[in-house]
Amino acid sequence: MTVQPVGSLDDVERDDWDRLANPPGAEYDPFVSWDFLQALEQSGCVGEETGWLPRHLLARDSEGRLLGAVPLYAKSHSMGEYVFDHAWAEAFERAGGRYYPKLLSAVPFSPVTGRRILAPTADVRLALVQATCDIARRWGVSGWHINFPDPNSLSELKSVGLLSRVDRQYIWQNRDYGSYDDFLADLSSRKRKALRKERAAARADITIEHLGGGRLTAEHWDFFYACYQETGSRKWGYPYLNRAFFDLLHQRMADRVLLIMAKKDGRYIAAALNMIGSHALYGRYWGKLDDHPFLHFELCYHQAIDAAIDRSLARVEAGAQGEHKLARGYAPTEVSSAHFILDEGFRRAVGEYLDHERAAIQSDIRAQAADGPFRQDLST
C-alpha cells in the first residue's frame with residue numbers, strides 16, 4: 001500500500017471516493033460525498049486563497065486501486081471549523097512556536113459528525129492514521145486535527161495516542177413519533193403549552209413551503225443566498241460560501257436538499273437550508289430579510305422536526321451551539337474532535353487542559369439534560 005497526497009478531488013474518480021465515503025449498508029452522509037466536497041473546491045470556497053488547501057491522502061494497492069482516503073486540508077487559520085483552538089494557537093506562538101500551518105480533517109464550514117478516515121477495514125484505517133501523522137512530521141506542521149469524527153473513527157484515533165476533545169451539540173431524537181403532537185406529548189405540560197403558543201405566533205400570517213429536488217429553482221436559491229449573506233455578514237463578518245457553490249449543490253444534490261421558506265403577503269421573507277442523510281436531517285444555514293416573531297425557531301427547529309418525522313429520520317442535527325434549542329426538544333449531546341500535536345511539551349499542556357475541559361462539559365451536559373423539557377417519567 002502506498003499513501004500519497006493530491007491537491008484536488010479532481011484527481012480522484014467520483015465513484016471511487018464515494019465507495020469509501022458512503023459504503024453500502026452504512027449511514028449515508030452527504031457531507032463527505034465527492035459531490036459536496038468537490039463543489040467546495042470547484043466554487044473556490046476551499047482553496048489556497050481561502051486558507052483551506054486540499055491535501056487529501058489516498059491509499060492505493062500495487063495495482064493502483066483505491067483502498068482508503070483521508071479528507072485533508074492544510075490550514076493557515078482556524079476559521080470555519082467550529083472546534084475552537086484559537087487560544088491554543090496564541091499560547092503556542094507566545095512560547096515561540098509556529099501553530100500555522102496545521103493539518104485538518106473535517107468538512108469545511110460544517111460542524112457535522114461523520115466518517116473522517118475513509119476505508120472499509122480497520123487495518124487500512126489505522127495505516128492511514130499512522131501515515132497522516134508521519135506526513136505531519138515530514139511537512140513540519142504543528143499538528144493534525146480531526147473535527148467531529150464518528151465514534152468508530154474517534155476510538156481508532158485514540159487507540160494510537162491522539163488526544164480527544166469533548167464538546168456538545170443539541171440534537172433532536174425521533175422516538176418513532178407519528179406527528180409533532182406525538183413529540184409534544186413527551187414534554188412537560190408547561191413546555192408543551194409554550195411551544196404551541198410559540199408556533200402559533202410564528203405562523204400567524206405566514207405560509208411555509210418545503211422545497212427540494214425538482215421543485216427548487218434558481219429564484220429560490222437567489223433568495224436563500226440573500227438570506228445567507230445577511231446572516232453571515234451580521235454574525236460572522238464574512239460568509240464562507242459563494243453563490244457558485246449553491247449552484248453546484250443544486251445541480252448535483254438537489255434531492256438531498258430541503259429548503260424551508262417562509263412567505264408573507266405573497267413574498268418570501270426567510271429561509272432555512274437543510275441537508276438530508278439516510279438517518280438524519282442536518283440544519284445548516286438560515287437567514288431572513290424581514291422580522292417576524294419566533295420565525296427562526298419555527299423554520300430551523302420546529303419545521304425540521306416535522307420534516308424528520310415525515311421522512312422517518314432518526315434525528316435532527318441543527319448545528320453548533322445554541323442553548324435555546326434545549327427548550328425545543330433538542331438534547332445536549334457529546335461531540336468530539338481528535339488532535340495529534342507534535343511538540344511534546346505543548347501536547348502535554350493541551351492534554352491536561354482537555355482533561356479539565358472534558359469533565360466540565362460532561363457535567364454541564366448532565367445538568368442540562370436533567371433540566372430539559374421532557375416529562376420526568378421519560379429518559380432523555
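The values are calculated or read from the model by the stated rules, or taken from the named source; none is laboratory data. Owing to the predicted nature of the structure, the values given are computational and were not obtained by experimental measurement. Methodologically, a virtual Cβ is constructed for each residue, glycine included, from the backbone with ideal geometry; neighbour enumeration extends over all protein chains shown. For accessibility, only protein heavy atoms count, side chains too; no ligands or nucleic acids. Shrake-Rupley method; radii C 1.70, N 1.55, O 1.52, S 1.80 Å.
So which residues in the range 26-53 are in a strand (DSSP E or B) and open to solvent by 10 Å² or more (accessible area, probe 1.4 Å)?
Kept after step one, since they are in a strand (DSSP E or B), are these residues of the range 26-53: 52-53.
Listed by number, the list holds a single entry, Leu53.
Going by the structure shown, is Tyr28 of a type in the set (Phe, Trp, Tyr) and under 16 Å from Val12 (Cβ atoms)? Give the steps one after another, and end with the answer.
Values: of a type in the set (Phe, Trp, Tyr): yes; under 16 Å from Val12 (Cβ atoms): no.
No.
Keeping to the range 313-322, report how many residues are at pLDDT 95 or above and crowded, with 21+ Cβ neighbours inside 10 Å. Reasoning before the result, please.
Taking the range 313-322 and keeping what is at pLDDT 95 or above, we get 313-317.
From what's left, crowded, with 21+ Cβ neighbours inside 10 Å: 316-317.
Qualifying residue count, the range 313-322: 2.
Looking at (1) open to solvent by less than 40 Å² (accessible area, probe 1.4 Å); (2) modelled with pLDDT of 95 or more, which is the only condition Glu334 fails?
Only one criterion in (1) open to solvent by less than 40 Å² (accessible area, probe 1.4 Å); (2) modelled with pLDDT of 95 or more is unmet by Glu334, namely (1).
What number of residues within the range 221-230 are surrounded by fewer than 18 Cβ atoms within 10 Å (Cβ to Cβ) and either free of Cβ contacts under 8 Å to residues at least 24 places away in the same chain or of a type outside the set (A, V, I, L, M, F, W, C) (or both)?
3
Provide a single number: the residues in the range 155-200 that are hydroxyl-bearing (Ser, Thr, Tyr) and part of a helix (DSSP H, G or I).
To start, the set of residues in the range 155-200 that are hydroxyl-bearing (Ser, Thr, Tyr) comprises 155, 159, 164, 170, 177, 179-180, 188-189.
Still in the running and part of a helix (DSSP H, G or I): 155, 159, 180, 189.
Final tally of qualifying residues: 4.
Each row is one residue, and each column tells you yes or no for (1) open to solvent by less than 60 Å² (accessible area, probe 1.4 Å); (2) in contact with a strand residue (DSSP E or B) (Cβ under 6 Å, 6 or more places away or on another chain); (3) farther than 30 Å from Ile269 by Cα; (4) in contact (Cβ under 8 Å) with a residue 40 or more places away in the chain.
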{"residue": "His296", "(1), (2), (3), (4)": "yes, no, no, no"}
{"residue": "His324", "(1), (2), (3), (4)": "no, no, no, no"}
{"residue": "Gly329", "(1), (2), (3), (4)": "yes, yes, no, yes"}
{"residue": "Leu342", "(1), (2), (3), (4)": "yes, yes, yes, yes"}
{"residue": "Phe346", "(1), (2), (3), (4)": "yes, no, yes, yes"}
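What number of residues within the range 289-323 satisfy the criterion of being of a type in the set (D, E, K, R) and farther than 16 Å from Asp205 by Cα? Give the steps one after another, and end with the answer.
Of all residues in the range 289-323, those of a type in the set (D, E, K, R) come to 290-291, 298, 306, 310-311, 315, 317, 323.
Add one more test, that the residue is farther than 16 Å from Asp205 by Cα, and what stays is 306, 310-311, 315, 317, 323.
Count: 6.
For Tyr180, are the conditions met, namely being under 24 Å from Asp291 (Cα atoms), modelled with pLDDT of 95 or more and open to solvent by 20 Å² or more (accessible area, probe 1.4 Å)? Please lay out each step first, then the result.
Details: under 24 Å from Asp291 (Cα atoms): no; modelled with pLDDT of 95 or more: yes; open to solvent by 20 Å² or more (accessible area, probe 1.4 Å): yes.
Taking the combined requirement at face value, the residue does not satisfy it.
Can you pull out the residues in the range 348-361 that are open to solvent by less than 80 Å² (accessible area, probe 1.4 Å) and of a type outside the set (A, V, I, L, M, F, W, C)? Quick ask: steps written out before the conclusion?
Our first condition is that a residue be open to solvent by less than 80 Å² (accessible area, probe 1.4 Å); within the range 348-361, this holds for 349-351, 354, 357-361.
Those that are open to solvent by less than 80 Å² (accessible area, probe 1.4 Å) and of a type outside the set (A, V, I, L, M, F, W, C): Gly351, Glu357, Arg358.
Here is a check on your reading of the model: is Gln169 under 17 Å from Arg328 (Cβ atoms), within 19 Å of the chain's Cα centre (by Cα), buried (at least 16 other Cβ atoms within 10 Å of the Cβ) and of a type outside the set (A, V, I, L, M, F, W, C)? Give the derivation first.
Details: under 17 Å from Arg328 (Cβ atoms): yes; within 19 Å of the chain's Cα centre (by Cα): yes; buried (at least 16 other Cβ atoms within 10 Å of the Cβ): yes; of a type outside the set (A, V, I, L, M, F, W, C): yes.
Criteria met by Gln169.
Let me confirm something: among Gly68, Gly80, which residue is touching a helix residue (DSSP H, G or I) at 6+ places or on another chain (Cβ under 6 Å) and open to solvent by less than 10 Å² (accessible area, probe 1.4 Å)?
Details: Gly80 fails: touching a helix residue (DSSP H, G or I) at 6+ places or on another chain (Cβ under 6 Å).
Sole residue among the options that is touching a helix residue (DSSP H, G or I) at 6+ places or on another chain (Cβ under 6 Å) and open to solvent by less than 10 Å² (accessible area, probe 1.4 Å): Gly68.
Mind listing whichever residues of the range 321-350 are aliphatic (A, V, I, L, M) and in a helix (DSSP H, G or I)? Lay out the reasoning, then the answer.
Here is the first cut: in the range 321-350, the residues aliphatic (A, V, I, L, M) are 326-327, 331, 335, 338, 341-342, 349-350.
If the condition is that a residue be aliphatic (A, V, I, L, M) and in a helix (DSSP H, G or I), then Leu326, Ala327, Ala349, Val350 are the ones that fit.
Each row is one residue, and each column tells you yes or no for (1) surrounded by fewer than 17 Cβ atoms within 10 Å (Cβ to Cβ); (2) of a type in the set (Gly, Ala, Ser); (3) at pLDDT 95 or above; (4) in contact with an Asp or Glu (Cβ under 9 Å, 6 or more places away or on another chain).
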| position | (1), (2), (3), (4) |
| --- | --- |
| Lys235 | yes, no, no, no |
| Tyr238 | yes, no, no, no |
| Asp247 | yes, no, yes, no |
| Leu259 | no, no, yes, yes |
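Of the residues Ala307, Ala338, only one is of a type outside the set (Ser, Thr, Tyr), under 26 Å from Ile135 (Cβ atoms) and touching a residue at least 40 places away in the same chain (Cβ under 8 Å); which? Walk me through it before giving the result.
Numbers: Ala307 fails: under 26 Å from Ile135 (Cβ atoms).
None of the other options fit; the residue is Ala338.
Considering each residue of the range 362-380, count those that are surrounded by 12 or more Cβ atoms within 10 Å (Cβ to Cβ) and of a type in the set (Lys, Arg), and give that number.
Number of matching residues: 1.
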